[in-house]
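Comments concern the structure below.
The values are calculated or read from the model by the stated rules, or taken from the named source; none is laboratory data. The shown structure was predicted, so the numbers you read here are calculated from the model rather than taken from an experiment. No Cβ is skipped: glycine too gets one built from the backbone with ideal geometry, and neighbour counts run over all protein chains shown. Surface accessibility is based on the protein's heavy atoms, side chains included, excluding ligands, DNA and RNA. Shrake-Rupley method; radii C 1.70, N 1.55, O 1.52, S 1.80 Å.
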Amino acid sequence: MKLYVTPLALAICLPLVGCGGSSEVGGGNTTPSVPDEPTVPEEPGEPVDPSCSAPKDLIFKLASDDGAHKVGFGPENAIDGSIDSDSRWSSEGIGKQITFSLSSPSILNSLSLYWLNNTERSTYYDVAISTDNVTWQDVVTGGNSDNATGTPEFIDTSDTLHQDIQYLRVTGNGNSESNWNSLIEITALGCNDEEVTEPVEDLNPSLPPSANFDLQDWYLSIPTDTDNSGTADSIKESELNNGYENNEYFYTGADGGMVFKSPIYGYKTSANTTYVRTELREMLRRGNTSIKTQGVNKNNWVFSSAPSSAQTAAGGVNGELFATLAVNHVTTTGDAYQIGRVIIGQIHANDDEPIRLYYRKLPNNQNGAIYFAHESRNASSDDWVEMIGSRSDSASNPADGIALDEKFSYRIKVVANMLYVTIYREGKDQVTASYNMSSSSYDDADQYMYFKAGVYNQNKSGDDDDYVQATFYVLNNSHDGYNP
């Protein structure tokens, strides 16, 4: 078993007034000495069940302690999904324990502990797991959080098969300043039989897209030029959310879905843009045009690994985009490296793209592939991550791929410098990939983010009448601190 200290699963709490917990310093008995290097018990065990090759967020249903916690800082705060420093479990004393119950027996791949003031002090802790809340198995003893990284403690358990785990117990042994134990949040990754689905609300095919979807925090780029600007039209938030439709490129389909269609040739968003799109751009200002489109402001969001000043100025911190859709058509003509490609979701920063999520189906294949690109600000080329099938220009048919008109869902999630992408399909295991963006410099004070969704045609060489099209049935965006 391995113990890693790397950024995963939760945001960074940067030093802020009120984030500290000064009332806890000096309130204990004896400050413990700094323990030796953390030890991880040797454990033989079988290889990890391959059925957990795509771990997901596990759900905690209950947290409990001995009742002696600080008033207002009970155990329930550590599983409420909030990374606010005021939403934490705090209990004073060496050997204080908090026990967590999972919603169902699970294979445990990893967990993360987000400690208070993790950039200023080290926290001492132990971790154990159990199937029955009676017999416990040590996972970490003598844990010592690394305040040099300022990131949640990531504990990797994937090299040993921990199955049917129902309970986790964290024992707090104080910190480098006092005997207080303060855990803001715990998260865990693993596998179980629970289905993760997003409900598809009733969609009315007789209504415009804005009557079926909340589009007030989006604007639309569409390959028309009604204002004779020479570039693609931008349909701003209020107009878009007030019944806007275009019967060729953006409209409600026969099943009530929101249809996006983009030709190969058409008006582009700028002179420097290579490809044509019909695509939504996230606008957290929700029609308040006094807020500029660009910048670290209330229209855009930032990573929780960004400086606290940027987090305060932004419209949200971290982000999650969930979409259910079907790709209806991809290009079949043109240069080999461009055929069949379409971007269906993005995170865009000032000038670069932390993620571009692709669907690609080649003409001779029945199914399409899913993969994504990460563009680092510090690298000359993109990193590519294949999730389903291959992005190759000559890829064979992916047996587990996604056919045209087949509904599926994707979730793009950023927490601090960690990027998570998950693909969901009915009756099939979800597919998850992660990417550590710590070296990509998107956590700088001037870097801002926004989601994009729709169809961004990645072919500029095919026939005039060739196109890409997708229909969206769910589109939800969320951020910490953003309350539309």
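So, of the residues in the range 226-239 that are touching a residue at least 12 places away in the same chain (Cβ under 8 Å) and open to solvent by 30 Å² or more (accessible area, probe 1.4 Å), which turns out to be nearest to Gly454 (Cα to Cα)?
My answer is Ser234.
List the number of the failed condition for Ile343; all other conditions in (1) at pLDDT 95 or above; (2) part of a loop (DSSP other than H, G, I, E, B); (3) buried (at least 24 other Cβ atoms within 10 Å of the Cβ) hold.
So the condition that Ile343 fails would be (2).
Restricting attention to the range 401-433, and to residues there that are at pLDDT below 95 and in a loop (DSSP other than H, G, I, E, B), which single residue is surrounded by the fewest Cβ atoms within 10 Å (Cβ to Cβ)?
Looking at residues that are at pLDDT below 95 and in a loop (DSSP other than H, G, I, E, B), I get Gly427.
Residues Tyr358, Tyr337, Tyr275: which one is at negative phi and not in a loop (DSSP other than H, G, I, E, B)?
So the residue among Tyr358, Tyr337, Tyr275 that is at negative phi and not in a loop (DSSP other than H, G, I, E, B) is Tyr358.
Closer than 24 Å to Ile165 by Cβ, in contact with a Ser or Thr (Cβ under 7 Å, 6 or more places away or on another chain) and open to solvent by 60 Å² or more (accessible area, probe 1.4 Å) - does that describe any residue in the range 116-127?
No, the range 116-127 has no match at all.
Just wondering, is there one or more residues in the range 348-361 that are more than 22 Å from the chain's Cα centre (by Cα), surrounded by fewer than 24 Cβ atoms within 10 Å (Cβ to Cβ) and closer than 22 Å to Arg411 by Cα?
Within the range 348-361 (the criterion being more than 22 Å from the chain's Cα centre (by Cα), surrounded by fewer than 24 Cβ atoms within 10 Å (Cβ to Cβ) and closer than 22 Å to Arg411 by Cα), the answer is no, since none of the residues qualifies.
Give me the pairs: first residue in the range 93-117 and closer than 12 Å to Leu183 by Cα and among the aliphatic types (A, V, I, L, M), second residue open to solvent by 20 Å² or more (accessible area, probe 1.4 Å) and at pLDDT 90 or above, beta-carbon distance under 7 Å, and six or more apart or on different chains, which are they?
Ile98/Asp65
Within the range 458-484, track down each residue that is assigned to a loop (DSSP other than H, G, I, E, B), under 26 Å from Val276 (Cβ atoms) and among the small types (Gly, Ala, Ser).
Matches in the range 458-484: Ser461, Gly462.
Would you check if Asp164 is touching a residue at least 40 places away in the same chain (Cβ under 8 Å), at positive phi and open to solvent by 10 Å² or more (accessible area, probe 1.4 Å)?
Spelling it out, Asp164 is indeed touching a residue at least 40 places away in the same chain (Cβ under 8 Å), at positive phi and open to solvent by 10 Å² or more (accessible area, probe 1.4 Å).
Please tell me if Ser270 is under 30 Å from the mean Cα position of the chain (by Cα), at negative phi and surrounded by fewer than 15 Cβ atoms within 10 Å (Cβ to Cβ).
So Ser270 fits the description; yes.
Just one of (1) under 21 Å from Lys413 (Cα atoms); (2) at pLDDT 95 or above trips up Asn436, so point out which.
Checking Asn436 against (1) under 21 Å from Lys413 (Cα atoms); (2) at pLDDT 95 or above, the one that fails is (2).
Looking at (1) at pLDDT 90 or above; (2) β-branched (Val, Ile, Thr); (3) over 18 Å from Val415 (Cα atoms), which is the one condition that is false for Ile79?
So the condition that Ile79 fails would be (3).
Could you tell me whether the range 320-330 includes any residue that is touching a residue at least 24 places away in the same chain (Cβ under 8 Å), of a type in the set (Asp, Glu), part of a loop (DSSP other than H, G, I, E, B) and open to solvent by 10 Å² or more (accessible area, probe 1.4 Å)?
no
Asn297 is checked against (1) of a type outside the set (A, V, I, L, M); (2) in a loop (DSSP other than H, G, I, E, B); (3) under 30 Å from Thr157 (Cα atoms); (4) open to solvent by less than 40 Å² (accessible area, probe 1.4 Å) and fails just one. What number does that condition carry?
Here Asn297 meets the rest and fails (3).
Condition (residue is in contact (Cβ under 8 Å) with a residue 12 or more places away in the chain, within 30 Å of Ser82 (Cβ to Cβ) and either small (Gly, Ala, Ser) or open to solvent by less than 60 Å² (accessible area, probe 1.4 Å) (or both)) applied to the range 452-465: is it met by at least one residue?
Yes - at least one qualifying residue is present in the range 452-465.
Scan the strands (runs of 3 or more DSSP E) fully inside the range 153-242 and keep the ones with 2 or more residues being under 23 Å from Lys268 (Cα atoms).
Counting at least 2 such residues, we get 218-222, 233-235.
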